[in-house]
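First the structure, in the form of structure tokens, and then the observations on it.
Values in this text are rule-based calculations from the coordinates and carry no lab data. The structure presented is a predicted model; accordingly, all values stated were derived computationally and were not measured. Quick reminder, even Gly has a Cβ in these numbers, built from the backbone with ideal geometry, and neighbours come from all protein chains shown.
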Amino acid sequence: MNKRIVSIIAVVVLLIIVGVVYYRYYFVFGEGTKAGTMNYFVHKGYMFKTYEGRLIQTGIRTPAQGNIQSNEFMFSVTDEKVAQKLNGSAGAYLELHYKEYLHTLPWRGVSTFVVDSVISARQVVPTQP
């Protein structure tokens with residue numbers, strides 16, 4: 001009887017630990033789309049090489065009327081095909097679909113935002129003054 005209680009408690013504790021780990025690191029907290037000009041995209045890391053990028057969103061309202069500020073969206077990429085598409089799109093105007101996780105994992109990147117697809121990419125034509 002004593003071994004059975006210990007084994008039941010061990011299974012319950014193990015299930016709780018698995019549930020907490022799943023919730024903290026694998027549960028998708030949110031999904032969405034961001035659009036803007038890609039500032040940079042790099043493949044870096046010491047032990048786990050991950051793809052990291054930064055998208056600059058313009059036209060975000062500020063508290064003071066009439067002002068415009070830029071907003072940076074820092075993201076990670078886990079899919080090699082998406083990374084190759086982004087690698088050739090430096091300076092382009094991109095629409096990206098992302099998933100937001102609660103915490104990061106070393107092999108997933110340094111950001112809680114993970115881009116899983118590129119919706120559209122178009123080159124920005126600079127205007128001449």
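Hey, which lysines would be in cross-link range of residue 44, C-alpha to C-alpha under 21 Å, not counting anything within fewer than 8 residues on its own chain?
Correct list for residue 44: 81, 85, 99.
Could you derive backbone 3J(HN,Hα) for the range 111-126 from the dihedral phi with the Karplus parameters 6.51, -1.76 and 1.60 (θ = phi - 60°), listing whole Hz in sequence and x where the residue is Gly or Pro?
10, 7, 9, 10, 7, 10, 7, 9, 6, 8, 9, 9, 5, 8, 8, x
Dividing the alpha-carbon radius of gyration of the range 1-50 by 2.2 N^0.38 Å (N being the number of residues), what value is obtained?
Against the empirical 2.2 N^0.38 Å value, I get 2.12 for the range 1-50.
Amide H of residue 116: which non-local residues (sequence gap of 5 or more, or other chain) have their own amide H closer than 5 Å, using H built in the peptide plane?
Here the answer is 97, 98, 99, since their amide H atoms fall under 5 Å of that of residue 116.
So, by mean Cβ neighbours within 10 angstrom, what's the order for 108-117, 22-31 with the highest one leading?
Result, highest mean first: 108-117, 22-31.
How big is the C-alpha Rg of the chain next to the rule-of-thumb value 2.2 N^0.38 Å, as a ratio?
1.47
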